[in-house]
1. Among the listed pairs K252/K451; K93/K390; K252/K424; K173/K243; K173/K252, which are separated by more than 21 Å between their Cα atoms?
2. Mind checking the full-extension length gain between E379 and Q122? Use 0.36 nm per residue of separation minus the Cα-Cα distance, one decimal, nm.
3. Is it possible to state the helix-based mean residue ellipticity at 222 nm for the chain, with each DSSP H run of 4+ residues giving -39500 (n - 2.57), the sum divided by total residues, to the nearest 500 deg cm²/dmol? What is it?
4. Compute the distance from the alpha-carbon center of region 274-333 to that of region 51-65, in whole Å.
5. Please identify the trypsin sites (Lys or Arg not before Pro) of region 67-151 that satisfy two criteria: DSSP loop assignment and at most 10 other Cβ atoms within 10 Å. Which are they?
6. Would you mind pulling out the separation of the Cα centroids of region 2-38 and region 217-252, in Å?
7. With only alpha-carbon atoms counted, please give the Rg and Dmax of region 403-479, in Å.
8. Hand me the trypsin sites (Lys or Arg not before Pro) from region 229-291 located in a DSSP loop with no more than 11 other Cβ atoms within 10 Å, in residue order please.
Amino acid sequence: MTQPHLNLIAGAWCPGETATMNRNPSDLSDEIGLYAAGNAEDVARAAEAAAQAQAAWFDAGPQPRADLLDRIATLIEARATEIGTMLAREEGKILPEAVAETRRAAQIFRFFAGEALRIPGQALASVRAGVDVEITREPLGVVGLITPWNFPIAIPAWKIAPALAYGNAVVMKPADLTPGTAHLLAQIIHEAGCPAGVFNLVMGPGSTVGAAMLDHPLIGGISFTGSVPTGRMIARRAAEQMKKVQLEMGGKNPMVVLDDADLATAVSVCLNGAFFSTGQRCTASSRLIVQAGIHDAFVEELARQAAALRVGPALDAASQIGPVASLSQLEGNLSYVRLASDEGCEVLGGERLNGPTEGFFQRPALFVGARNTMRVAREEIFGPCAAVIKVADFDEALAVANDSDFGLSAGICTSSLRHARAFKRHAQAGMVMVNLPTAGVDYHVPFGGRKGSSLGPREQGSHAAEFYTTVKTAYSFAG
Ligand code: NAD
């Protein structure tokens, strides 16, 4: 019997109450490993250790924090192929994407190593003679980080790095499907010399470990990325306890294609945005809003290229699209494929595929002839499925793009500067792309959305300070 991989609490590797086996969605016979599943007591020990370690961590000043983050970045980079292979194996993203995500995590740690040295403050003249006013940023204290399975190293990185850079201590709970990548990251943080208790990893189910984090009084803020229903519940629980929250949730991201777009660019942008990473990106283009003049040529070429995408095991160099991450996700996708047909769309692709091994493979799907009122155009599917909605002109395209409960990312393919400018100005989304896929962002600028997609301050870049710090105004009178 293999030994489980353990939780990291107070600088020591600790068993959980139980352990769960992690499986490979490309090959169900591949058992990756056993991972500890903690409980509320583990969360309490982690929160207490974090609270105890946090003051010294902050008081030591920014240099040790910058140095630690820099060492973590170097260690991630050195092990990028090993970590990327684990990521591809447990999440199903193809290996080049998984290694690129791992390298992105290293870049994020290095960016925040610099940010630790640039924590902003302000000194203002007081309205009272002889009085000085200083505005400083201080850490929240202990932050709880709850992350999803679809970017199992980049999302933990963009939460852990700013949390530590600004002097917080961390209790992190990774997604149940992807503990392997999180465990490798925790090993690296530990090996890099993170003081005991400053970073704690508690793996296990959301309903026990996550719920205990929401309730623990020593955890002052929760940064969550995941689905809307979980986010909504977290917002309610956090409000009852006056905890600060940052929620990054779903999307139903529109990509507008105007008649004046370059067809090859539009097809490549939509193929990437809708289907790469198996469509399992919160920023995926799941509504393709296409003007009537280019519609038929666009659909024909996109359908041809989508059907030609090689779907297969994540670690197979020939694969362009890996499997869906889990059986429940696959079943959900297939039920949306049936729904699209029931709602009157012409469905191209979308069927379950056999691979060389037993896995959750699905052909990319286009729902042609969709209307924006249909459920397949309103609900997040989170798989390789995109609804194609035909519109008459730019004004209708913009109105359809904005008619959504979500507002994460929005894109337009056009050669018109006027339309590009109007779209950037009026799209109700946190991020806007012109002639680029809705997914795929830089790591040094803010990330986040509007409406049902996000709540609280933005993540990433220097804007991350908004969540991970609290502002203090100090007055002094020299006498
Ligand atoms: P999920 O909501 O099921 O789970 C997210 C995390 O919350 C997991 O760690 C889970 O264990 C935990 N959780 C579940 N129940 C909980 C509870 N009762 N209390 C506390 N924690 C709990 O989401 P998922 O399926 O892992 O991820 C997919 C979703 O994530 C999609 O909706 C996607 O759009 C979203 N996502 C958003 C972004 C973004 O930045 N906007 C990025 C990636 C993914």
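Values in this text are rule-based calculations from the coordinates and carry no lab data. Only a predicted model underlies this, so the values are computations on that prediction, with no experimental measurement involved. All Cβ positions, glycine included, derive from the backbone under ideal geometry; neighbour counts span all protein chains shown.
1. Details: K252/K451 11 Å; K93/K390 31 Å; K252/K424 17 Å; K173/K243 17 Å; K173/K252 26 Å.
Among K252/K451; K93/K390; K252/K424; K173/K243; K173/K252, the Cα-Cα distance tops 21 Å for K93/K390; K173/K252.
2. Gain in length upon complete extension: 88.1 nm.
3. On the way: 15 runs with 187 residues, N = 479.
It lands at -12000 deg cm²/dmol.
4. If we compute the Cα centre of each part, the gap is 45 Å.
5. Qualifying residues, ordered by number: R128.
6. The two parts, judged by their Cα centres, are 26 Å apart.
7. My reading of the Cα-based Rg and Dmax gives 17.5, 65 Å.
8. Taking region 229-291 and a limit of 11 other Cβ atoms within 10 Å, no loop trypsin sites (Lys or Arg not before Pro) are found.
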